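Taking it in order: structure first as structure tokens, then the write-up.
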Amino acid sequence: MKRKLKVVLCKNQKTKSLRCLRNRIHSHLIVTFILSNTVWFIMEITVETIVTSDLKLELSRY
């Protein structure tokens, strides 16, 4: 699915006839969606790592 989005975005950027306002808005929405999910993934991995390491510290004290 991501590959299809990349293809659509590349086509929109290369052809001038498709650069209407509606397509630009949709392109920006798709890019925003991808960035948002990427940040969520990074945060989820980071928080899980921090929580796991904190839990190990707590357990090692006992």
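The values are calculated or read from the model by the stated rules, or taken from the named source; none is laboratory data. Keep in mind the model is a prediction, meaning the values are calculated, not measured. Virtual Cβ from ideal backbone geometry, glycine too; neighbours counted across all protein chains shown.
Quick look at the values:
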item	result
Hits in the stretch 12-44 - residues which are part of a helix (DSSP H, G or I) and at pLDDT below 70	Asn12, Gln13, Lys14, Lys16, Ser17, Leu18
Residue that is nearest to Lys6 (Cα to Cα) [pool: residues in the stretch 18-44 that are of a type in the set (S, T, N, Q) and under 12 Å from the mean Cα position of the chain (by Cα)]	Thr32
Val47 being surrounded by 10 or more Cβ atoms within 10 Å (Cβ to Cβ), at pLDDT below 75 and part of a helix (DSSP H, G or I)	no
